[in-house]
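Worksheet for the structure shown next.
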Amino acid sequence: MKNPDIPILDNHMHIDPLGGRGIEAAKDFLRAGGTHVCLVTKPSWSWGIVPHGKADYRTVYDKTISIADEMRKIGLTVFVVLGVHPAEITFFKREAHENACIMMEGIDAAAEYVLDGKAIALKSGRPHYPVDEAIFDLSNQVLSHALTQGADCACSVQIHAESGPCADVVPMAKKVGMDPTKVVKHFAVPTSPLTLSLLARSVDIAACVHEGRFVMMESDYIDENTRPGSVIGPKSVPRFSKRLYDEGVLSEKDLYSIHKVTPEKIYGIEIEL
């Protein structure tokens, strides 16, 4: 495989020009053979913003869109995913119910960007760390709201949640009229019934693709100087894709499935070189 013979999509990446390497990290992805990115909005606190409603979230989203525009200038195709990090329900020192209501306003604002064609999907979920039952229930209310908006906007929802299958999200999606295959489990495990976004070091990628699963690949690159290279670096998706191809683990058809066929079906986008 000679990049860019086929498109290479990182399904979940952050770029932070304030706290991280910014566009230099995006250039690393491009030089390694990457072509397409789903740029996911960072938590509001990354921008020093304490949200109180839609207007504050719009500020976060506009910053994300501005970064996407800068990435396009260096030759990348960038799709924007906007929404609310589920940890906001405990991060901000307010009553959890108030946080949940504000988070739902943030999701409403993100849905407006999807309808305006500025984003392709929503981001939501629930904390990936242990929380009490009340917080978990409130988080599920926020997630259900995001799924409802996803159904209404006819868009996908990327979810950030606890490690594990998250199988209960399937009936949640169906209840609000959303196709569960349009729910993408970020940092997924292969046992999840949702569409898988697997970290670009997962030993399960090939098996899941060969089983006919909907699979995408991500770095979850955070782009924070305090955590350099976390979760894995911006070169990871193109490099791991090439490695699996060179080792005969994945065929060209398999890579097309991961980087073109699946994202086109799940997000309703076009992946072209």
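Restricting segment 33-50 to residues that are closer than 19 Å to ASP10 by Cβ and more than 16 Å from the chain's Cα centre (by Cα), the residue that is surrounded by the most Cβ atoms within 10 Å (Cβ to Cβ) is GLY34. Would you point out the residue of segment 157-176, among those that are crowded, with 20+ Cβ neighbours inside 10 Å and β-branched (Val, Ile, Thr), that is farthest from ILE266 (Cα to Cα)? That would be VAL169.
Total residues in segment 255-273 satisfying the condition of being surrounded by fewer than 19 Cβ atoms within 10 Å (Cβ to Cβ) and at negative phi: the figure is 8.
Hey, among VAL203, VAL184, VAL170, VAL157, which residue is of a type in the set (Val, Ile, Thr) and free of Cβ contacts under 8 Å to residues at least 24 places away in the same chain?
Details: VAL184 fails: free of Cβ contacts under 8 Å to residues at least 24 places away in the same chain; VAL170 fails: free of Cβ contacts under 8 Å to residues at least 24 places away in the same chain; VAL157 fails: free of Cβ contacts under 8 Å to residues at least 24 places away in the same chain.
Just one listed residue meets the conditions, VAL203.
Here is a check on your reading of the model: is SER241 over 20 Å from ALA154 (Cα atoms), in contact with a Lys or Arg (Cβ under 9 Å, 6 or more places away or on another chain) and buried (at least 24 other Cβ atoms within 10 Å of the Cβ)? It would help to see each step written out before you state the result.
Working: over 20 Å from ALA154 (Cα atoms): yes; in contact with a Lys or Arg (Cβ under 9 Å, 6 or more places away or on another chain): no; buried (at least 24 other Cβ atoms within 10 Å of the Cβ): yes.
Criteria not met by SER241.
Filtered by the rule that a residue be over 18 Å from HIS160 (Cα atoms), among the aliphatic types (A, V, I, L, M) and touching a strand residue (DSSP E or B) at 6+ places or on another chain (Cβ under 7 Å), segment 173-217 gives ILE205, VAL209. Residue count for segment 110-130, restricted to those that are buried (at least 22 other Cβ atoms within 10 Å of the Cβ) and under 18 Å from TRP47 (Cβ atoms): 4.
Only one residue in ALA134, ALA154 is under 24 Å from TYR57 (Cα atoms), over 15 Å from the mean Cα position of the chain (by Cα), surrounded by fewer than 17 Cβ atoms within 10 Å (Cβ to Cβ) and not acidic (Asp, Glu), so which one is that? Walk me through how you get there before you give the answer.
On the way: ALA134 fails: under 24 Å from TYR57 (Cα atoms).
Going through ALA134, ALA154 in turn, just one is under 24 Å from TYR57 (Cα atoms), over 15 Å from the mean Cα position of the chain (by Cα), surrounded by fewer than 17 Cβ atoms within 10 Å (Cβ to Cβ) and not acidic (Asp, Glu): ALA154.
Annotation note: Cβ proximity below 6 Å between a residue of segment 246-269 that is assigned to a helix (DSSP H, G or I) and a residue that is among the aromatic types (Phe, Trp, Tyr) and surrounded by 15 or more Cβ atoms within 10 Å (Cβ to Cβ) (sequence gap 6+ or interchain) occurs for THR262/PHE214. The lone criterion from (1) surrounded by fewer than 21 Cβ atoms within 10 Å (Cβ to Cβ); (2) part of a helix (DSSP H, G or I) left unmet by VAL231 is number (2).
Sort out which residues of segment 17-49 are within 19 Å of LEU198 (Cα to Cα) and among the polar types (S, T, N, Q), and write them in order of number. Of everything in segment 17-49, those that are within 19 Å of LEU198 (Cα to Cα) and among the polar types (S, T, N, Q) turn out to be THR35, THR41.
Looking at HIS97, is it within 23 Å of GLY53 (Cβ to Cβ) and either in contact (Cβ under 8 Å) with a residue 40 or more places away in the chain or surrounded by fewer than 18 Cβ atoms within 10 Å (Cβ to Cβ) (or both)? It would help to see each step written out before you state the result.
Working: within 23 Å of GLY53 (Cβ to Cβ): yes; either in contact (Cβ under 8 Å) with a residue 40 or more places away in the chain or surrounded by fewer than 18 Cβ atoms within 10 Å (Cβ to Cβ) (or both): yes.
Against the criterion (within 23 Å of GLY53 (Cβ to Cβ) and either in contact (Cβ under 8 Å) with a residue 40 or more places away in the chain or surrounded by fewer than 18 Cβ atoms within 10 Å (Cβ to Cβ) (or both)), HIS97 qualifies.
Among residues of segment 208-226 that are touching a residue at least 40 places away in the same chain (Cβ under 8 Å) and at negative phi, those with a Cβ under 8 angstrom from a residue that is among the basic types (Lys, Arg) and part of a helix (DSSP H, G or I), sequence gap 6+ or separate chain, pair up as PHE214/LYS265. Summed over segment 177-217, the residues that are within 23 Å of SER251 (Cβ to Cβ), crowded, with 16+ Cβ neighbours inside 10 Å and either basic (Lys, Arg) or touching a Cys at 6+ places or on another chain (Cβ under 8 Å) (or both) give a count of 5.
Here, each number is a calculation from the coordinates, and none is a lab measurement. Source: prediction; values computed, not measured. Quick reminder, even Gly has a Cβ in these numbers, built from the backbone with ideal geometry, and neighbours come from all protein chains shown.
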